[in-house]
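*Asks:* First, the structure itself, so that you have it in front of you.
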Amino acid sequence: MKKAKTLEEITFVIDQFKDKIESYLSGRLSWGDLHHWVLILYTEEDTKLDFSPPYTDILGEIVAALLIDERDDPQFRVTDEEVKSWLNELGKIEADIKLEGFDTVRQKYEHRAKQREQDVRIRYTKRHLRKQTKKDRLGPREGKLDA
């Protein structure tokens, strides 16, 4: 998988995403065309890109949503409002980069990702400990069938 490392490489692909999304919203591009473009980007080895923060989350969300084919159940399709929110999020990231610099923004998003990961681990550990404590309080279950 090719890793988009330089700001120029990342900006080029982000601009492609924005252009395709704006074309879809304006009616110049169908959902099927957008889906096909993302499918090629996602599956072809020479075009695969692995994005680092700050674009990891938003591009993951965009790609996951656009992988839904127009023939799939409509309940799984995103609304135009959700599509517009992607553009807003990409715009916020671009504004942050212009204001703070790419490396600073990347570090900020990496820190957020690590914090979310740690929060998930803590919640899982607490839930597991609650279950274990409940089990310990109840003691061995009477009448339990042995296998």
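The values are calculated or read from the model by the stated rules, or taken from the named source; none is laboratory data. Just so we're clear, the structure is a prediction, and the values are computed from it rather than from any experiment. Every residue, glycine as well, gets a Cβ built from its backbone with ideal geometry; the counts of neighbours run over all protein chains shown.
*Asks:* Of all residues in the range 67-80, count the ones that are assigned to a helix (DSSP H, G or I), without any contact (Cβ under 8 Å) to a residue 40 or more places away in the chain and more than 17 Å from the chain's Cα centre (by Cα).
*Replies:* 2
*Asks:* Would you please name the residue that is surrounded by the fewest Cβ atoms within 10 Å (Cβ to Cβ), looking only at residues in the range 16-33 that are at pLDDT below 90 and closer than 28 Å to F102 by Cα?
*Replies:* In this case the residue turns out to be Q16.
Conditions (1) part of a helix (DSSP H, G or I); (2) of a type outside the set (D, E); (3) over 28 Å from L34 (Cα atoms), marked per residue:
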position: E82; (1), (2), (3): yes, no, no
position: W86; (1), (2), (3): yes, yes, no
position: L90; (1), (2), (3): yes, yes, no
position: E94; (1), (2), (3): yes, no, no
position: I97; (1), (2), (3): yes, yes, no
position: D103; (1), (2), (3): yes, no, yes
position: K108; (1), (2), (3): yes, yes, yes
position: R112; (1), (2), (3): yes, yes, yes
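*Asks:* Being among the polar types (S, T, N, Q) and more than 23 Å from the chain's Cα centre (by Cα) is the filter; apply it to the range 97-146 and report the residue that is modelled with the highest pLDDT.
*Replies:* Here the residue is T125.
*Asks:* Inspect the range 100-110 for any residue being touching a strand residue (DSSP E or B) at 6+ places or on another chain (Cβ under 7 Å) and surrounded by 15 or more Cβ atoms within 10 Å (Cβ to Cβ) and give the result as yes or no.
*Replies:* Checked the range 100-110: no residue is touching a strand residue (DSSP E or B) at 6+ places or on another chain (Cβ under 7 Å) and surrounded by 15 or more Cβ atoms within 10 Å (Cβ to Cβ).
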